[in-house]
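First comes the structure, then the notes that go with it.
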Amino acid sequence: MPEADLILTGARVRTLDPTRPEATAVAVRNGLIAAVGDASDVRDWRGPGTETVDLTGATLTPGLVDSHSHPVWGLEMSTGLDLSAVRDLDALRAALAGAERDEGGWIVAFGLDHNAFGGRPVDRALIEDALAGAPTFIRLYDGHSALVNGAALQAAGITGPRTFAQRSEIVCDTDGRPTGHLIEHAAMDLVYAVAPRPSYTERRARLGELLSAMAATGLTGAHVMDLGGDSLELLAAVEETGDLPVRLLLAPWCMPGADAADLDGLVALQKESGRLWRVGGVKFFMDGTVEGGTAWLEHADCHGQGTEAFWPDPAAYSEAVRHLHAAGVRTATHAIGDAAVRHVLDTVEALGASGRLRHRIEHIETLPEDQIARFAALGVIASMQPPHTAYTRADHTDEWSKRLGDERAVRAWRCRDLRDAGAVLALGSDWPIAHYDARQVLATARAPRGAAEAGRSLSGLMALEGCTTHAAVAGGEQGASGRIAVGLRADLTALGLDPVEAPADEVAQAPVRLTVTGGRITHRG
């Protein structure tokens, strides 16, 4: 019998494989699972070169996967001053007044909660005198809006409103002067193009550090919902010095205005891969965010906003999806508002059942009752991020809830309803929007916060499935991963407690005993 590279013993093994749900030992060879069972089943796999790890007291599960993350682009999104702990305007002003300037004199910050403005309009007048004239770019937590000051507007040559091919806005006052509030990517990019950003060398080093930190929380994989700039070059460069600690599945963006040649280019990108990363799928945006007023809603929010799609012509979105579907390419569409979700489901329904190619919807923050059953019926995968619930409040006094109103706010993050209706539910963090810690994803899925608290909890098993078996389906990899079974990839996570039976708050702090990606140990606790 050939020799195993790694044998794990003594654990409670939750295989999530219905043919053998539990075991106590696993053998790994050449990056794949070679044997699953008890000590006698792996004994003959042991040889002089085999590493054996005793996991007594731990629970071994299929490797945890973050089904929505931005580890490459997020390196730029999370650059500068971290404002995620800021809760009010006074704290914001104090943080900015004490902020360090970069070599060009800029202040760059990220992670600011919309709730910090206390219901006031996002306006540079609220912070201008705390900046001492330094050009400033502040990315709000949702990643879809920013606040900049007068010096930054001047550096970008912005003096008034502009028209964009996608749903974006330079917010202006009644006299046509920019307030500094930039909504959606095209508007933000005008200033970000002239703001300082981390160098290639810095991002290369940070990527390796970030992926190692992710592995330390038990993550073995991530579905990366972007692929821009020099991402492919960066990933290839990191792999020149060793394997990635986390396996990455990347989806490039398709934006409004894409023509047939652009779509064919996205199809061609699907062949790109490395040892532990590959391109698989295409990412769309059907809307923006509730707090930014750009979620596409069936009825306007409390400010009269939210009645327009990110694609000015939603039919063009549907045609782009059809083009990619015909080429065998899976799509993932950002859809937060009820109108956006409905349009994506309608688009998939119009494709018919040919090939049953599985498409997915990302976020799904407010979902009407009549749309829930359609996910399972159409085979559409729900990809949701339980940690986002922390930006809302149970009493609906937060910006997300106030904009939607009580009727729609009570439909928040209907993870359990979708699971009960038979939908595939993949779970993730959306880092850097929320922390990448896989244990927090598991915990908040079972104990959601804020507006989602009432009746939306997943069971411990459902939460684990969301980061394993259901994540594998979402990535089109159910034949290769998501379970502990002979012949599947040896992506494994060992926690110091049982994530299914332990209380949610304990899962959030669970010791990570071991993380294994492709048969290689990437973290030891």
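The values are calculated or read from the model by the stated rules, or taken from the named source; none is laboratory data. All values derive from a computational prediction rather than experimental measurement. For neighbour counting, all protein chains shown are included, and Cβ atoms are generated from backbone atoms with ideal geometry for every residue, glycine included. Just the protein is used for accessible areas: all its heavy atoms, side chains included, with ligands, DNA and RNA removed. Shrake-Rupley method; radii C 1.70, N 1.55, O 1.52, S 1.80 Å.
Would you mind telling me the share, in percent, of accessible area of the chain contributed by carbon and sulfur at probe 1.4 angstrom?
So the carbon and sulfur contribution to the accessible surface is 50 percent.
Got a sec to turn the phi values of region 114-121 into Karplus ³J(HN,Hα) couplings, 6.51 cos²θ - 1.76 cosθ + 1.60 with θ = phi - 60°, whole Hz, x for Gly and Pro?
Going residue by residue, I get 4, 5, 5, 7, x, x, 6, x Hz, with x marking Gly and Pro.
Give me Rg/Rg_expected for the chain, where Rg uses Cα atoms only and Rg_expected = 2.2 N^0.38 Å with N residues.
Its radius of gyration relative to the 2.2 N^0.38 Å reference: 0.97.
Can you list the equivalent-ellipsoid semi-axes of region 155-299, largest first and in whole Å, using the square root of 5 times each Cα gyration tensor eigenvalue?
33, 19, 16
Rg and Dmax of region 328-485 over Cα atoms: what are they, in angstrom?
15.0, 47
Using every pair of alpha-carbon atoms in region 76-191, split the distances into 5 Å bins beginning at 0 and state the percent of pairs per bin, rounded to integers.
2, 12, 24, 27, 21, 10, 3, 0
For region 174-291, give the magnitude of the charge dipole about the Cα centre (Cβ charges: +1 Lys/Arg, -1 Asp/Glu; no others), in debye to the nearest 20.
Taking the Cα centre of region 174-291 as origin, the dipole is about 360 debye.
Name the residue from A309, V290, G475 whose Cα lies farthest towards the positive end of the charge dipole of the chain, charges +1 on Cβ of Lys and Arg and -1 on Cβ of Asp and Glu.
G475
Counting only heavy atoms of the protein chains, get the accessible area per residue of the chain (1.4 Å probe) and round it to a whole Å² value.
Averaged over the residues of the chain, the accessible area is 37 Å².
Determine the relative contact order of the chain: mean sequence separation of Cα pairs under 8 Å and six or more apart, normalised by residue count, in whole percent.
17
Quick one: grab the alpha carbon gyration tensor of region 454-525, order the square roots of its eigenvalues as a ≥ b ≥ c, and give me rounded if a/c is under 1.5, else prolate or oblate depending on whether a/b is larger than b/c.
oblate
Would you kindly find the accessible area of D406, with a 1.4 Å probe and non-protein molecules such as ligands, DNA and RNA excluded, rounding to the nearest 10 Å²?
Approximately 100 Å² of D406 is accessible to the 1.4 Å probe.
Over region 23-90, how many percent of alpha carbon pairs lie in each 5 Å bin up to the one with the longest distance?
The distribution over region 23-90 is 3, 10, 16, 15, 9, 7, 8, 9, 8, 7, 5, 2, 1, 0, given as percents.
For region 295-335, treating each Cα as an identical point scatterer without solvent, what Debye log10 I(q)/I(0) comes out at q = 0.17, 0.21 1/Å?
-0.56, -0.72
Which whole-number value in Å³ per residue fits the convex hull of the alpha carbons of region 302-364?
Taking only Cα atoms, region 302-364 has a hull volume of 77 Å³ per residue.
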